[in-house]
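To start, the structure itself, in structure tokens.
The values are calculated or read from the model by the stated rules, or taken from the named source; none is laboratory data. Not measured: the values here are computed from a predicted model. Backbone-built Cβ (ideal geometry, glycine too); neighbour counts: all protein chains shown. Note: areas computed on protein heavy atoms with side chains; ligands, DNA, RNA excluded. Shrake-Rupley method; radii C 1.70, N 1.55, O 1.52, S 1.80 Å.
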Amino acid sequence: MSSPMLSLKALVATSLLLVPAVRATLNGTDTCKQIASAISSASDVYWPGAFHYTVDLEHWASSSSQISACSVEPGTAEDLGKILQIVGSTGTPFGVKGGGHATNPGYSSTSGVHIAMSRFNEVTYDANSQTATVGTGLIWDDVYEALEPFGVNVVGGRVTGVGVAGFSLGGGYSWLTNQYGLTVDNIVSLELVLPDGTVTTVDSSKPELFWALKGSAFNNFGIVTKFVFKAYPQGQVWGGLLLITEDQLDKVNAATVKFSSEVTDPKAQIITTYNFLLGEPGASVIIFYDGPSPPSGIFDDFLAIPALSTNVDTRSFLSLVQVSPSNATATSRGAFHTVSLLSYSADVINAVLNESIFWGTELGLASATFISYDVEPFLPSAFAKGTVQTASYPPSRSQTLLPLNLYYAWTLPDSDTLMRSAIVQSAEQLTKVALSEGQNIANAPLYSNYAIDSTSLDRIYGNNLPLLKALKAQYDPKNVMGLAGGWKI
């Protein structure tokens, strides 16, 4: 039986631990009230229990959501400026959610003031300048649907449900990257609300800030409300999804290696995903050709594989993006991580498959529901569509980096630490395999939209980090953006 004195000490200790959280919540509530009094009728504050509050806080990965003091939906850049002024003056933690696809906890959520960008939902096309203006509260599905009647497209996300904001600010690998570069290479300008509340347009007339925002903007220099992207002609595309069972994986491996090493048509791309689901390994392959039909031979090896399911056809770009099953694990807990590769050899592909089986088996009893590894080949010329002088990511363009994406989904919060540790171990193992065959990737920059939050900033921004820190100090001298999560420069 425990003594009353020990119980009292434990109660006091527990209470002391809770004080900062309680103080933050109370401070957040007061700040929410200030915001509600300051913003215009174009914006709204929502409280716990309200429908909009729940929607605002929701993320694709449930482990990325937090309970906030309130949610705020700014409807104008000027109101967003007032919100930043208030959270800055009160020192209230805040989060900024665009599409809600981040898997790093706290990167787009908060226990304080949750800013949901959903009202920044503009999509317009200017035929004269051949540009599209896109709000940061959208997902790419919305953008493609709005641009389709104009017969144009922008360099955006490849699967359904991905948000415009984080994807674009982090770099952006697209189905169109082989032709036009990364998304950051196709940004003409941005509307930015600075940490002091000032609304400004950032373009080539502000070269250093423009450079910084294209690859490193994650809650460092203010909040972006809209992009102006280069737009390109877009007709029907060809492709779709193949679901393939364990007994055919050797053929998937061979076809993936061959495609990665031999196909040079910039309109052709694939994503081969090695999955472990329901106790069994398998693969899904998305094949893409930017045209109504591909030249013969490019995808023959994949199409010759006996598949459990085949959904390949001539279709709209939006239809191709939505063919992916990426929303099947929505509301699960989840984590991404990545390895930057220079090529996909047979040894690397075999190692990827082995990792999916090993960790799928190992983590099943710890509530893992889906283990996957996305193999994403791009042409060696993909990075040459931009320069290190025009975008802060990637910090080097001497070689195109191929971002292998690791994704683990699970259900139990108690498994968070285990899953995140496992995904890091798996990335380390695959890095060793690539190094052993001579790929010089020991210090290769990692793609921030995939990298787990324990990744050092040096591994993302490399030699660009000192200038980024100087620009952060220049544009946010009071470190208002330090009250939000994200890759903090």
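Scanning region 366-410 for residues that are among the aromatic types (Phe, Trp, Tyr) and either open to solvent by 50 Å² or more (accessible area, probe 1.4 Å) or in contact with a strand residue (DSSP E or B) (Cβ under 7 Å, 6 or more places away or on another chain) (or both) yields Phe370, Tyr373, Phe378, Tyr407, Tyr408, Trp410.
Residues that are buried (at least 23 other Cβ atoms within 10 Å of the Cβ) and not polar (S, T, N, Q) do not occur anywhere in region 411-418. Within region 309-351, if we keep just the residues that are in contact with an Asp or Glu (Cβ under 8 Å, 6 or more places away or on another chain) and charged (D, E, K, R), the residue that is nearest to Arg397 (Cα to Cα) turns out to be Asp347.
Would you call Leu471 out of contact with any Leu (no Cβ under 6 Å at 6 or more places or on another chain), open to solvent by 10 Å² or more (accessible area, probe 1.4 Å) and not hydroxyl-bearing (Ser, Thr, Tyr)? In short, no.
In region 430-441, the residues that are closer than 19 Å to Leu353 by Cβ reach residues that are loosely packed, with under 12 Cβ neighbours inside 10 Å and not aromatic (Phe, Trp, Tyr) with C-beta atoms within less than 7 angstrom, at least six apart or across chains, in these pairs: Leu435/Ala442.
Results for (1) out of contact with any helix residue (DSSP H, G or I) (no Cβ under 8 Å at 6 or more places or on another chain); (2) assigned to a strand (DSSP E or B); (3) among the aliphatic types (A, V, I, L, M), shown as yes or no for each residue.
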site	(1), (2), (3)
Ala335	no, yes, yes
Val348	no, no, yes
Thr361	yes, no, no
Tyr393	no, no, no
Val424	yes, no, yes
Ala427	yes, no, yes
Thr431	yes, no, no
Gly438	yes, no, no
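Of the residues contained in region 456-463, one or more are found to be assigned to a helix (DSSP H, G or I) and crowded, with 23+ Cβ neighbours inside 10 Å. Can you confirm whether Glu355 is closer than 27 Å to Asn104 by Cβ, among the acidic types (Asp, Glu), open to solvent by 50 Å² or more (accessible area, probe 1.4 Å) and not in a strand (DSSP E or B)? No; evaluated as a whole, the condition is false for this residue. May I ask you to verify whether Leu209 is in contact with a strand residue (DSSP E or B) (Cβ under 9 Å, 6 or more places away or on another chain), surrounded by fewer than 24 Cβ atoms within 10 Å (Cβ to Cβ) and under 21 Å from Ser448 (Cβ atoms)? Yes: the conditions hold for Leu209.
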